[in-house]
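Read the structure below first, then the notes.
Read-outs throughout are calculated quantities, based only on the coordinates presented, and are distinct from any laboratory measurement. Here the structure is a predicted model, which is why all the values come from computation and not from measurement. When we count neighbours, we look across all protein chains shown, and the Cβ atoms used for this are built from the backbone with ideal geometry, even at glycine.
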Amino acid sequence: MRQEKSARLLEMARMMAGSAEGLTLDEMAERLGVGRRTTERMRDAVGMLFPEMEALDDPPMRRFRIPAGLDGLFQAPTAEEMTALAGSAELAERQGAGSRAQALRALERKIMSATRASARRRLAPDLEALLQAETIAVQAGPRPFEDDRVLAAVRAALKAVSTIRFRYEGGSTPGRVREVTPLGILFGRSNYLVAIETEDAGPRNWRLDRVFDVEVTEAPGRPPPGFSLQAYADESFGIYQDDTEDVELRITPEGREDALRWRFHARQSLEDRPDGSVIVRFRASGMRELAWHLFTWGDKVEILGPESLRRMMQGELAAAMRAHVQN
């Protein structure tokens, strides 16, 4: 128990040292999963252990941080942490995300080079054992496109709050030069630039594998007030954006256990029914992608709404039948 308390105090100190603007008591309580009174006592204990901790006034609250960071003695990584980092790099590499894989490998080297020699020697046997015992099972699917030059230009524009200009070999007019305000990048089975082309238009997804000759302009490119990339991504079941619909699915009793462990949408709700079935509800766009996914549930799912999704599924089923029924 005493060791657990020490680990929690060290975790709080790391949080303070890792935040440039500092953390409020409520933020620390949420991250640590403890009550406010417990957080206050822990904050006081951290202040005794690390006198350099400082409090910043941010009315109506206060923020706390350790501006000089922590000594390497307190920052030695564990074998589990390094295995997770190596696994993430391996997964990115196998999925074709070479740029992110290289960044993760570089981070791995920096962490190990900053770790004291004695800690590295203690870490080596456990790390080797875990790396040999864990691997990544990569599912079939498209390899996401990653071009270092394209990603670097988009990121430079995002940091500079500038527009970018590029030739887009997609859409209804392939080869047309576009100038857009970048809002972010969606990484997934395919990678997309989220951007606005004109002030009166909404966000649009641009496939990165169709973006060429990217250049950062000097024109300002500020995102719309209140825009959230996460909220934008959560509006859709997958990548495609279209009309937002209220979706209601019935998962049969045979699929109940799978449904309870599955996340259809970030803001879904689940309802257990007396017959053992599960009702899944969420609001999203991207009905075609959802229909494609529902194929994998076979006869364990029934579409209760919307009607547009039901018609979409019927059309996809009919197309599959035409392609596979022998004449």
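Brief remarks follow.
- Average Cα contact separation per residue, the range 76-133, under 8 Å, 6 or more apart, as relative contact order %: 47
- Among the GluC sites (Glu not before Pro) in the range 187-294, those located in a DSSP loop and surrounded by at most 11 other Cβ atoms within 10 Å of their own Cβ are GLU199.
- Of (1) 63, 59, 39; (2) 77, 60, 49; (3) 57, 49, 38, the label for Cα extents along the principal axes in Å derived from the coordinates: (2)
- Rounded if a/c under 1.5, otherwise prolate or oblate - the range 148-225, Cα gyration tensor axes: rounded
- Each Lys and Arg Cβ is given +1 and each Asp and Glu Cβ -1; about its Cα centre, the chain then shows a dipole of about 740 debye.
- Sites matching trypsin sites (Lys or Arg not before Pro) across the range 103-136 that sit in DSSP coil, with at most 15 neighbouring C-beta atoms within 10 Å: ARG116
- Of the GluC sites (Glu not before Pro) in the range 19-86, the ones in a loop by DSSP (not H, G, I, E or B) with at most 10 other beta carbons within 10 Å are GLU21.
- Footprinting exposure proxy for HIS293, HIS324 (fewest neighbouring C-beta atoms within 10 Å first): HIS324, HIS293
- Theoretical ellipticity at 222 nm over the chain - DSSP helices of four or more residues, -39500 (n - 2.57) apiece, nearest 500: -13500 deg cm²/dmol
- Total formal charge among the other residues, if their Cβ is under 14 angstrom from that of VAL278, Lys/Arg +1 and Asp/Glu -1: -1
- Summary of the geometry: the range 23-70 and the range 171-224, compared by the centres of their Cα atoms, lie 40 Å apart.
- Shown for VAL34, VAL247: other C-beta atoms within 10 Å of each C-beta, ranked fewest to most, produce the order VAL34, VAL247.
- Taking every C-alpha pair closer than 8 Å and separated by at least 6 residues, the mean separation divided by the residue count of the chain gives a relative contact order of 10 percent.
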